[in-house]
Each structure stands twice: as structure tokens, then as C-alpha cells.
Amino acid sequence: MTDIRVEQPSLGELVSNLASQTGVLVKQEMRLATVEMSQKAKAAGKDVGLVAAGAAVAVAGVLVLLAALVLVLARFMPAWAAALAVGIGVVTVGLVTAAVGMKALKRVDPAPRQTIQSMKENQVWLGAELAR
């Protein structure tokens, strides 16, 4: 009868291999986190743009409407009352626009959820590998 032996790696080789694979895994997780965070930052940037656009519209509206509507309304009421009424209306429109942008920003989740989940899975895997 022939006895065939399969050569098993030594404990030192196993530890070395585990350390090497863990290093590669950590680097890949860091790349994943970087990609995920840049995607989230890009989405947040668009929402910040909406907030800025709302503010710009409010400023432009204040300038134009104060000039035009105050002149019209000043024929029917004191000029100060006309300016106040127009200013309140334009600021309200600007605030609503900015509020829409702020609401969109609050929906952005800054945590790298995919990376967190992957790290948890890797932790389970590593625990199983060490338990062997």
C-alpha cells in the first residue's frame, strides 16, 4: 500500500500568508471607501449648488423687484410700505428655494455604508480563518 503525503504549509507560512492577504484586503477597502466618499461628496456638491442658486435668485429678485414693484406700489401706498411688502415677498421665495436645497442635503448619508458592510464581512472571514 502506498502512503501519499500532501505537504501542508508551516504555521509561519500560514501567518505570513494571512498577513499579506490582510494587507491587500485593507488596501482594497481603503480604495472602496475613497470611491464611495467621493461619490457622496459629488452628490452633496450638487445640493450645495442648489442652495447657492436659491440664494442668488433671492438676491437678484430683491434687486429687480424692489426697483420695479416698489415704483408701482408707491402709487397706491407710501413708498416705505411698498418696499417692505416687495422685500418680504422676494425674501420668502429665496428662503423656500434654499430650504429645498437644505432638505436635499440632509438626505445625503455621509457614511461609507458599502465599506462598513464589507469590513464587517471581512472581520467575520478573518475570525473564521484564524479559528481554523
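General remarks:
- Part-to-part distance (alpha-carbon centres) for the stretch 73-109 and the stretch 2-67, which is given in Å: 38
- Rel. contact order, % - alpha carbon contacts under 8 angstrom, at least six apart, the stretch 35-131: 42
- Fluctuation leader among 87, 45, 12 - the chain, Gaussian network, Cα springs under 10 angstrom: 12
- At least 24 Å along the helix axis (C-alpha) and Kyte average at least -0.5, DSSP helices within the chain: 11-73, 79-106
- Most fluctuating residue given options 50, 84, 11, as computed from a GNM of the chain linking Cα atoms under 10 Å: 11
- Lys-Lys pairs in the chain that are eight or more residues apart or on separate chains and whose Cα atoms lie under 24 Å of each other come to 10.
Each value in this text was obtained by applying a stated rule to the coordinates, not by laboratory testing. Predicted model only: the values in this text are computed from it and were never measured.
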